[in-house]
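The values are calculated or read from the model by the stated rules, or taken from the named source; none is laboratory data. Only a predicted model underlies this, so the values are computations on that prediction, with no experimental measurement involved. Cβ atoms come from the backbone with ideal geometry, glycine included; neighbour counts cover every protein chain shown. All accessible areas refer to the heavy atoms of the entire protein, side chains included, with ligands and DNA or RNA removed. Shrake-Rupley method; radii C 1.70, N 1.55, O 1.52, S 1.80 Å.
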Amino acid sequence: MHTITDLSLVTGPVPPMVTVLGILALLWLIFSRSRRHVLISIPVCIVAAIAITLVLYWLIEKVWHPFPDPIARPVYVWIGLGILGVLLGVSRVFAATRIDGRVLTVVSVLLVVVSSAAHVNLQFQSYPTLGTALGLSDAEKVSLADLDDGKDGAVPVSQWKAPADMPSAGKVSTVTIAGTVSGFSARDAEIYLPPAYFTNPRPELPVLVLLAGQPGAPEDWLQGGRLVQTMDAYAAAHSGLAPVVVVADGTGSELANPLCVDSQLGNVATYLSHDVPDWVRGNLQVDPDPRKWAIGGLSYGGTCAFQMATNFPAVYPTFLDLSGQIEPTLGDRKQTVDAAFGGNEAAFVAVNPQDLLREKKFPDSAGVFVVGKQDNDYRPGLQTLYEAAKAAGMDVQYAEVDGGHSFQVWSAGLASQLGWLGTRLGLPG
């Protein structure tokens, strides 16, 4: 049953409706009988909005560098329009002589800001529904401490039969996975447990470790990534069976970029190759065989997943790289080597996937590279990695889906590859 929280913010009537309301609100803020507003306030506000937006662009892209790749120009345009709406609103509120005019001005400012935010969201599709934008989730939460201890043990998937009282949907648990070996300070992980996990005995399910992008957080996969909906759909078509998904933290904070290596920026490689697998095997009833384990991720997480697959193929012989970069980067090679490797180029080369593919063979590894058809920044690099991986003996595939560098691609990419992934990890087709 659909509710208002299921209302799509990226398709259907909402985006054009919000756009129209934003335009009407901006027109209200611009047009006035006041000669002073038309001749002075409007030009000043426009110039100020442009100046503030340019300064913001300069600080982010030229000074701060919080992201390895530049933000798309349309994002700054929409931010600038939002700023313009606020400035025009301030001018009109002070000029208004009646309370109803001030109220209408405030409402207009809110509509312009909401419209601008909606168009920024369309670029990334981080919040596909009203519910995700409000921080709501349809997924049922469960505490691992409250789960049955599985006293009857676990059986191989081939010997397991779905009981009549098995739940129809999976559940999500938020857990802390400490950096016991690595010392890495990670945020809480999100774990998806499929319906089959809530049976006794449990089947020995495979494991998929997923990583978010940068900026990002593990819960991004539950929101824009539509992880629960995708996994529940797969489980419904496979008698309740699906991989246990561990959405681990690969950055440590929203804006951090530790490059998924062990360095002065944080020992992420050890965290993902030791701490996370050790915790999962010690706290969940899953298939311990590494051949039944995969790692995947989006953007930074895709880059990281392929780093794990090439640096630790015995831990993660299967990977899913969704719109990853051609190599881990903080902007350019020199900046990356200086910040994370103390200027030691050889240390970078020793862990860089593209260099490892030239030096080694990976006959037991398999994976899929997925990228958006309109993602002109990441698509060429992913095509290069695909060819290099194939030449290094990996069983790899390359796929393109509609969209750019956004959750439209990443959610669809995961859904489209789950069939292949399940078969690879030993689940029945």
Rounded, prolate or oblate (a/c below 1.5 giving rounded, otherwise prolate when a/b exceeds b/c) for the range 338-392 by Cα gyration tensor: oblate
According to the square roots a ≥ b ≥ c of the eigenvalues of the Cα gyration tensor, what is the shape class of the range 273-429, taking rounded for a/c under 1.5, prolate for a/b larger than b/c otherwise, and oblate for the remainder? oblate
Over the chain, the sum of -39500 (n - 2.57) across DSSP H runs of at least four, divided by residue number and rounded to 500 deg cm²/dmol, gives at 222 nm -12500 deg cm²/dmol
Any idea what the alpha-carbon Rg over 2.2 N^0.38 Å comes to for the chain? 1.10
Relative contact order for the chain, counting Cα pairs under 8 Å that sit 6 or more residues apart, in percent: 13
For the chain, list the DSSP H helices whose alpha carbon atoms reach 30 Å or more along the long axis and whose average Kyte-Doolittle value is -1.0 or above? 73-95, 99-124
Shape call for the range 162-231 from the C-alpha gyration tensor, a ≥ b ≥ c root eigenvalues: rounded (a/c under 1.5), prolate (a/b greater than b/c) or oblate? oblate
Here are some pairs, Lys161/Lys292; Lys171/Lys373; Lys292/Lys373; Lys171/Lys292; Lys334/Lys373; which of them have Cα atoms lying more than 24 Å apart in this structure? Lys171/Lys373; Lys292/Lys373; Lys334/Lys373
Probe 1.4 Å, all protein chains in place: accessible area of Thr53 in Å², nearest 10? 20
Set of the range 82-105 residues, backbone N closer than 19 Å to the point 7 Å along the Cα-Cβ line of Ile50: 82-89
Can you work out the accessible area per residue across the range 275-361, with the rest of the protein chains kept in place, probe 1.4 Å, in square angstrom? 36
Using Cα pairs under 8 angstrom and six or more residues apart, how large is the relative contact order of the range 153-220, in percent? 39
Take the chain, connect every pair of alpha-carbon atoms lying under 10 Å apart with a spring to form a Gaussian network, then pick out the residue of Asp402, Asp321, Asp249 with the largest mean-square fluctuation. Asp402
Can you give me the long-range amide H partners of Gly296? Hydrogens built in the peptide plane at 1.01 Å from N, cutoff under 5 Å, separation of 5 or more residues or another chain. Val209, Leu210, Leu211, Leu320
Whenever you get a sec, compute what percent of the accessible area on the chain sits on carbon and sulfur atoms (1.4 Å probe). 60
Check the chain for me: any Cys whose beta-carbon has no other cysteine beta-carbon within less than 4.7 Å? Cys45
Provide the solvent-accessible area of Val103, counting protein heavy atoms only and rolling a 1.4 Å probe, rounded to the nearest 10 Å². 80
Among GluC sites (Glu not before Pro) in the range 182-238, those in a DSSP loop whose Cβ has at most 13 other Cβ atoms within 10 Å are none
